[in-house]
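Read through the structure below, which is laid out as structure tokens, and then see the notes.
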Amino acid sequence: MTLFYIVLGLFLDGISITVMSLPITLPIVLQAGYDPIWFGVFLVIMVELGQITPPVGFNLFVLQGLTGEHIGRVAYSALPFFMLMCLAAALVCVYPGLALWLPQWLAG
């Protein structure tokens, strides 16, 4: 599913990814037995990952507009952050308790 969202992030913005994929992926995730709060955290990480993935990464275009740098340089500069987001997604997948700790703590 991570690859699915990364591929969608190559071509679509975050709201489009969420609106188009959620009706399909949420029932699958629920039937697989995953927590919907966990999936929400995972989805937010994936959408933000898509926002810094070229060629349609809108955050890259914002940075390019602010700095005046070439979009290739901005995308290359965002590569470490892309890798950190991939690490965060992997950690949330391997240790789902990371995404669920705060909601469980707030619920009491």
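When region 29-78 is examined, which residues are found to be part of a helix (DSSP H, G or I) and polar (S, T, N, Q)? Before the answer, list the steps.
Pass one, region 29-78, residues part of a helix (DSSP H, G or I): 29-31, 36-51, 58-67, 71-77.
Matches in region 29-78: Gln31, Gln51, Asn59, Gln64, Thr67, Ser77.
Take Phe61 and decide whether it is out of contact with any helix residue (DSSP H, G or I) (no Cβ under 8 Å at 6 or more places or on another chain) and either among the basic types (Lys, Arg) or surrounded by 13 or more Cβ atoms within 10 Å (Cβ to Cβ) (or both).
Working: out of contact with any helix residue (DSSP H, G or I) (no Cβ under 8 Å at 6 or more places or on another chain): no; either among the basic types (Lys, Arg) or surrounded by 13 or more Cβ atoms within 10 Å (Cβ to Cβ) (or both): yes.
Spelling it out, it is not the case that Phe61 is out of contact with any helix residue (DSSP H, G or I) (no Cβ under 8 Å at 6 or more places or on another chain) and either among the basic types (Lys, Arg) or surrounded by 13 or more Cβ atoms within 10 Å (Cβ to Cβ) (or both).
Residues are listed down the side, and each one gets a yes or a no for (1) more than 16 Å from Val94 (Cα to Cα); (2) in contact (Cβ under 8 Å) with a residue 24 or more places away in the chain; (3) more than 11 Å from the chain's Cα centre (by Cα):
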{"site": "Ile17", "(1), (2), (3)": "yes, yes, no"}
{"site": "Ile28", "(1), (2), (3)": "yes, no, yes"}
{"site": "Gly33", "(1), (2), (3)": "no, no, yes"}
{"site": "Gly40", "(1), (2), (3)": "no, no, no"}
{"site": "Val47", "(1), (2), (3)": "yes, yes, no"}
{"site": "Gly50", "(1), (2), (3)": "yes, yes, no"}
{"site": "Thr53", "(1), (2), (3)": "yes, yes, no"}
{"site": "Leu60", "(1), (2), (3)": "yes, no, yes"}
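Residue by residue through region 73-108, note down the ones that are hydroxyl-bearing (Ser, Thr, Tyr) and either open to solvent by less than 100 Å² (accessible area, probe 1.4 Å) or under 11 Å from Trp38 (Cα atoms) (or both). Before the answer, list the steps.
Residues of region 73-108 hydroxyl-bearing (Ser, Thr, Tyr): 76-77, 95.
Answer for region 73-108, where residues must be hydroxyl-bearing (Ser, Thr, Tyr) and either open to solvent by less than 100 Å² (accessible area, probe 1.4 Å) or under 11 Å from Trp38 (Cα atoms) (or both): Ser77, Tyr95.
The values are calculated or read from the model by the stated rules, or taken from the named source; none is laboratory data. Nothing here was measured: the structure is a model prediction, and the numbers come from that model. Every residue, glycine among them, receives a Cβ derived from its backbone with ideal geometry; neighbour counts consider all protein chains shown. Surface areas here come from the heavy atoms of the whole protein model, side chains and all, with no ligands, DNA or RNA. Shrake-Rupley method; radii C 1.70, N 1.55, O 1.52, S 1.80 Å.
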